Amino acid sequence: VEMDVTASKKGRLWLSNRTGKRTVPQIFLNDQHVGGNSELQELHKKGELLGMLHAVKDTPVPDGTPKLPEIIDDPLEDNPQMDDLTMTCEPDLQGSIVVSMRMPKAEGGLDIADRRHHLVLYNKCFTGKAFVEWMIMHKDITKCATVEDALRVGNEMMKGNLFDHVKSDHTLENEDFFYRFAEDSPDGHKALNLPIKGEVSCQPAGAGELGKALRTLILKIYDEFLSADGRTVDYEGIAKSPNFQHYRELTVRLMRVDLNVSHEEKLAFLINVYNALVIHKTVVEGKPTSTWKRFKFFTKPGYIIAGHAYSLNDIENGLIRTNKSPPMSSSLQFSKHDPRLQFCLQRLDPRIHFALVCGAQSCPPIKTYDASNVDEALTGAAQAFFEGDGIILDEKKNEASITRICKWYRSDFGGYDDADLVGWISSFLEGEKREVCTRILDRNKVRVKFQVYNWDSNSKK
């Protein structure tokens, strides 16, 4: 049974008193406290975990086993112990190694410098040889006594998205190849989710797990600062919110998130991250007030996700739209050698356009999405958008006035035939509006025009 105690003061108090720890996860096998993930992995390496699991399965639940629903749900009077009871994630050994490596060279850090190969200058990188030497020299931290050990751990760190070859062409080798930490890449150093200097990162989480935590915080922020209809946002209020500060801290974990998850998990995760990044950028950078500022807003780096930097355009057109060209461009978002291609969704769903919120008045309302019901939620988002002013019908003129989103992303909706587009939209209409749309289509004379897009901010006035 998994229980989230981050939203329960009583749960956090019980866990702290029972284990003496303020990090999560904390794992119990019936009434036996195993520890965190590091302790669990150590038991697995020693071959002891399987026997313990069999014992749990074959042994009646003993007295003293945590009764989780009672821990979480029962009311509890105010307790001064709870006022400063914050749970943090379990620190990561590989993250600790990176913190030590990124110290100045004079203080024992890795030799990170600008290096040139032929005519190309690569900023803030290190060589494979220097990495291996450092790992062995600091074996008290790294537990690496040999070149083989250093290469094994180093390649695990690469798989964990901590660093990469500067052109993503090599695994870690004991050679003079150039490598670079994610936050030192040309775009990565501008990202909004960089760790505080000297801060040890948390253990990597899957997109499902991290997405759930982010969604919980986003919902709290939305509940407080989003209008009832989801159309306007109080950005000034968000900037001062403790929940937003907690959200910013949590986004650091995006740097090492595991995107090897199901289609539904990745889809819900990316939609939520995109919408949250729009808010994050607006809070930090301000509302884009001109065409040029909007261009920079959507193309400048936003977050490092799974070791690579992404702009809003990268997330939408690259990851979510299965690497399609942005509007008014003939070039794919990612080139054929871009290492981020491996993370793109494999199926394009045009309904995503009514879930992604760009921060403008003409955008759809803001919601959050969960992997368990993302298909139904996307249908609901499209229905709500088109039942509103996403399509306006004039039966006398056989005319459909449609959101400009459908013009910009016309290829996502099956082609350039007007009747096909209106027919696709009609599947999300109900009642009289659907009947009117059907009658217009039956006449085979439908005329489509696209609405003017209102780029004014969805900020509360």
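Just to be sure before I move on: is Asp184 open to solvent by 40 Å² or more (accessible area, probe 1.4 Å) and modelled with pLDDT of 90 or more in the structure I sent?
No: the conditions fail for Asp184.
Six or more apart or on different chains, Cβ under 6 Å: which pairs go from a residue in segment 32-56 that's within 19 Å of Ser16 (Cα to Cα) and open to solvent by less than 90 Å² (accessible area, probe 1.4 Å) to one that's modelled with pLDDT of 80 or more and in a strand (DSSP E or B)? Could you list them?
Val34/Ile27; Leu40/Ile27; Leu40/Val34
Considering every residue within segment 307-323, establish whether at least one is without any contact (Cβ under 8 Å) to a residue 24 or more places away in the chain and farther than 30 Å from Glu156 by Cβ.
yes
Looking at Trp424, Trp408, which one is of a type outside the set (Lys, Arg), open to solvent by 20 Å² or more (accessible area, probe 1.4 Å), in contact with a Pro (Cβ under 6 Å, 6 or more places away or on another chain) and under 30 Å from Asn313 (Cβ atoms)?
Trp408
I want to confirm something. Restricting to segment 308-354 and keeping residues that are among the small types (Gly, Ala, Ser) and within 15 Å of the chain's Cα centre (by Cα), which single residue is nearest to Trp408 (Cα to Cα)?
Gly318
Quick check on my filter: what residues within segment 136-157 are open to solvent by 30 Å² or more (accessible area, probe 1.4 Å) and assigned to a helix (DSSP H, G or I)?
Ile136, Met137, Lys139, Asp140, Ile141, Val147, Glu148, Asp149, Leu151, Arg152, Asn155, Glu156
Scan segment 94-111 for residues that are touching a strand residue (DSSP E or B) at 6+ places or on another chain (Cβ under 9 Å) and within 17 Å of Asn161 (Cα to Cα) and report the count.
4
When Glu175 is evaluated against the numbered criteria (1) of a type outside the set (Gly, Ala, Ser); (2) more than 30 Å from the chain's Cα centre (by Cα); (3) not in a loop (DSSP other than H, G, I, E, B), which criterion, by number, is the only one it fails?
The failed condition is (3).
Find the helices (runs of 4 or more DSSP H) located wholly in segment 199-262 whose residues include 3 or more that are more than 30 Å from Gly160 (Cα to Cα), and list them.
207-225, 235-239
Considering only residues that are among the charged types (D, E, K, R) and assigned to a helix (DSSP H, G or I), look in segment 121-135 and name the one that is least open to solvent (accessible area, probe 1.4 Å).
Lys129
With respect to Leu15, is the statement that it is in a helix (DSSP H, G or I), loosely packed, with under 11 Cβ neighbours inside 10 Å and at pLDDT 75 or above true?
The answer is no for Leu15.
Across segment 109-140, what is the total count of residues that are at positive phi and in contact with a Lys or Arg (Cβ under 7 Å, 6 or more places away or on another chain)?
The total comes to 1.
Would it be correct to say that Ala355 is in contact (Cβ under 8 Å) with a residue 24 or more places away in the chain, in contact with a helix residue (DSSP H, G or I) (Cβ under 7 Å, 6 or more places away or on another chain), more than 21 Å from His280 (Cβ to Cβ) and not polar (S, T, N, Q)?
No: the conditions fail for Ala355.
Out of all the residues in segment 278-307, which are over 14 Å from the mean Cα position of the chain (by Cα), part of a helix (DSSP H, G or I) and of a type outside the set (D, E, K, R)?
If the condition is that a residue be over 14 Å from the mean Cα position of the chain (by Cα), part of a helix (DSSP H, G or I) and of a type outside the set (D, E, K, R), then Thr282, Val283, Val284, Thr291, Trp292, Phe295, Phe297, Phe298, Thr299 are the ones that fit.
Looking at (1) modelled with pLDDT of 60 or more; (2) part of a loop (DSSP other than H, G, I, E, B); (3) open to solvent by less than 90 Å² (accessible area, probe 1.4 Å), can you tell me which one Ile97 breaks?
(2)
Out of Ala381, Ala400, Ala377, Ala371, report the one residue that is open to solvent by less than 10 Å² (accessible area, probe 1.4 Å), under 31 Å from the mean Cα position of the chain (by Cα) and in contact (Cβ under 8 Å) with a residue 12 or more places away in the chain.
Ala381
Of the residues Arg340, Arg351, Arg439, which is closer than 30 Å to His165 by Cα and open to solvent by 10 Å² or more (accessible area, probe 1.4 Å)?
Only one candidate passes the filter, namely Arg340.
Restricting attention to segment 248-298, report how many residues are open to solvent by 10 Å² or more (accessible area, probe 1.4 Å), closer than 20 Å to Gly95 by Cα and not acidic (Asp, Glu).
Of the residues in that region, 6 qualify.
The values are calculated or read from the model by the stated rules, or taken from the named source; none is laboratory data. This structure is a prediction, so every number in the text was calculated from the model and none was measured. Here Cβ is always computed from backbone atoms with ideal geometry, including for glycine, and neighbour counts include all displayed protein chains. Note: areas computed on protein heavy atoms with side chains; ligands, DNA, RNA excluded. Shrake-Rupley method; radii C 1.70, N 1.55, O 1.52, S 1.80 Å.
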